[in-house]
Amino acid sequence: MEKEKISSMQMGMLAYPAIVATAILSTPGITAQFAFQDVWLSPIWASLVGIITLIIVIKLAKLFPQQTFLGICEKVVGKSLGKLLGLFYLIHFIQATGQISRVYAEFITASFFTKTPTIVMIIAMLLLTASATRTGVETIARISQVFFPILFLSIFIIFVVLIPKIELTNIFPILEKGLLPSLKGAVIPQARFSEIFLIIFFIPYLKDAENGLKWGLYTLWLVLITFILVNFTILFILGQSMTYATYPFLQASRFVNIGNFIENIDAIIMAVWILGMFTKITVYYFVSLLAIKDLFNLSNYKLMIWPIALLALEFSFWTLPNSMAINQFEIMGLPFLNFSMHTFIPLLIYGIAKIRRF
Amino acid sequence: MNWGIFTIAVIISGCIILAEQSIFKKSPRKDKTVFFTFLFVGVILSLFDLPYIIGPVTAIEAFFSPLGNFMSK
């Protein structure tokens, strides 16, 4: 039993930025490269992966109450295979922490701090998230409780203030080339939806675990609404040019002009996004620490905070020399990796558990 | 080999060991072994020119290349 406790609602508020933060900036642009004007449909298909992942997670948590995911793996597939799987998960989480920190740093240095080296941004973020993880899950949950409404409302407000500029005809022709482009586009956001899997690491901390599924579903609905809002915004404002934009939502927000008085709200996007990214990196960082604690049966994860930060910093650059390589990885590797690690393997574990009648 | 970054990584590791002294003294032997192993891996990795060598990202892209190629079509 974990001593620290959070509520299911707080868990949902942790999961929301953990999914949405990376999804609102670069993901819509990449999705648009495949789905074109059907970009708004892709998140709807992709959300199915999120729902399936959530159901698997909740079923596993019910089958093995108060157990961590790596513990479940060891129990179901045996100690040696379970440990090997745990090692893969640990590397995946550290790599994800590093890669997300890099995406954050690349965005900040490309759009705002053009003269600051990327590594400075990564180190600053890792120092901050390391401090946050040291305080424990309750504090992380409370931080996300503060950040969640700011993140959600800002995206909503940006959409509302852009309404006068929207060009509804950009949506046509709907399904011009059939369903395939929007389904192909859905491969990118499904990687984000599958991140709902991370809640399995927080379920042992829940004081009201019976509400886990309910709040998980609320989170997925909110994520879906956010995705659709963002994709509609870029489609209605940028039209076909959204496919060329690296950060289309940021570009669309530059069109805001209310009475020649309220302009340049892209800085708000950056501020809000930093809040979201901070929560996302903290969640991945914390999950890495929980994974290492489970894998090696450590008494406490706190000793491992700084070694993980050093490794995450190195992973953030490993085989990723520039933002082109990161983009390539986000199309060619990440969607399938996330699906395998967050949806397929847990499904397999659940299937084996059922066959072995746990 | 990048000896400049390696030196910085060694200094950072030293700082980490010093900063974690209070937790370190109370931790069991297993925790200390894992701590030093991960720190050691971090220091060794700093020797390489990481952005330009193969790594987990290469392995992931190679493993999923049939699916990745479908996306690039």
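Taken together, the values in this text are just the output of simple stated rules run on the coordinates, not laboratory data. Bear in mind that the values here come from a model prediction, so they are computed numbers and not experimental data. Virtual Cβ from ideal backbone geometry, glycine too; neighbours counted across all protein chains shown.
Give the shape of region A:145-242 as rounded, prolate or oblate, defined through the alpha-carbon gyration tensor: a ≥ b ≥ c are the square roots of its eigenvalues, a/c under 1.5 means rounded, and otherwise the shape is prolate if a/b is larger than b/c and oblate if not. Judged from the Cα gyration tensor, region A:145-242 comes out oblate (a/c at least 1.5, b/c at or above a/b).
Which whole-number percentage describes the relative contact order of chain A, with Cα contacts under 8 Å and a sequence gap of 6 or more? Once divided by the residue count of chain A, the mean separation gives 40 percent. Each of the peptides A:166-175, B:60-69, A:305-314 was scored by the mean count of other Cβ atoms within 10 Å over its residues; in descending order, highest first, they stand as A:305-314, B:60-69, A:166-175.
In this Cβ point-charge picture (+1 for Lys and Arg, -1 for Asp and Glu), region A:1-84 has a dipole of about 420 debye about its Cα centre.
Counting only residues at least eight positions apart within a chain, or on another chain, the aspartates and glutamates with an alpha carbon under 20 Å from that of A:Lys354 are A:Glu74.
Based on the alpha-carbon gyration tensor of chain A and its eigenvalue square roots a ≥ b ≥ c, which shape applies: rounded if a/c is under 1.5, prolate if not and a/b is larger than b/c, or oblate?
On the way: a/c = 1.75, a/b = 1.46, b/c = 1.20.
The shape class here is prolate.
Under the classification rounded if a/c is under 1.5, otherwise prolate if a/b is larger than b/c and oblate if not, where does region A:231-338 fall, given a ≥ b ≥ c as square roots of the Cα gyration tensor eigenvalues? Prolate is the answer for region A:231-338, as a/c is 1.5 or above and a/b outweighs b/c. Helix A:212-238 axis versus longest C-alpha principal axis of chain A: approximately 20°, rounded to the nearest ten.
Considering Cα pairs under 8 angstrom that are at least six residues apart, work out the relative contact order of chain B and quote it in whole percent. It would help to have the intermediate numbers written out before the result.
Details: 22 pairs, mean separation 37.0, N = 73.
Result for chain B is 51 percent.
Springs join every pair of Cα atoms under 10 Å in this Gaussian network model of chain B, and among B:Gly42, B:Gly55, B:Gly14 the largest mean-square fluctuation is at B:Gly55. Quick one: among A:Leu85, A:Leu238, A:Leu303, which has the greatest mean-square fluctuation in a GNM of chain A with alpha-carbon springs under 10 angstrom? Of the options given, A:Leu303 has the highest mean-square fluctuation. Calculation over all alpha carbon pairs of region B:23-73 in 5 angstrom steps from 0 returns a P(r) of 4, 16, 14, 13, 12, 11, 11, 9, 5, 3, 1, 0 percent.
Just want to confirm a number: the relative contact order over region A:254-358, from Cα pairs under 8 angstrom separated by 6+ residues, in percent. Please list the in-between numbers first.
Numbers: 26 pairs, mean separation 9.8, N = 105.
Here the relative contact order equals 9 percent.
Could you pull out every one of the lysines with an alpha carbon less than 19 Å from that of A:Lys293, ignoring same-chain neighbours closer than 8 positions? Once the sequence-local lysines are set aside, what remains near A:Lys293 is A:Lys3, A:Lys5, A:Lys75, A:Lys79, A:Lys83, A:Lys302, B:Lys25, B:Lys26, B:Lys30, B:Lys32. When the charge dipole of region A:224-358 is built from unit charges on Cβ atoms (+1 for Lys and Arg, -1 for Asp and Glu) and taken about the Cα centre, the candidate among A:Leu320, A:Ser253, A:Leu295 whose Cα reaches farthest toward its positive end is A:Leu295.
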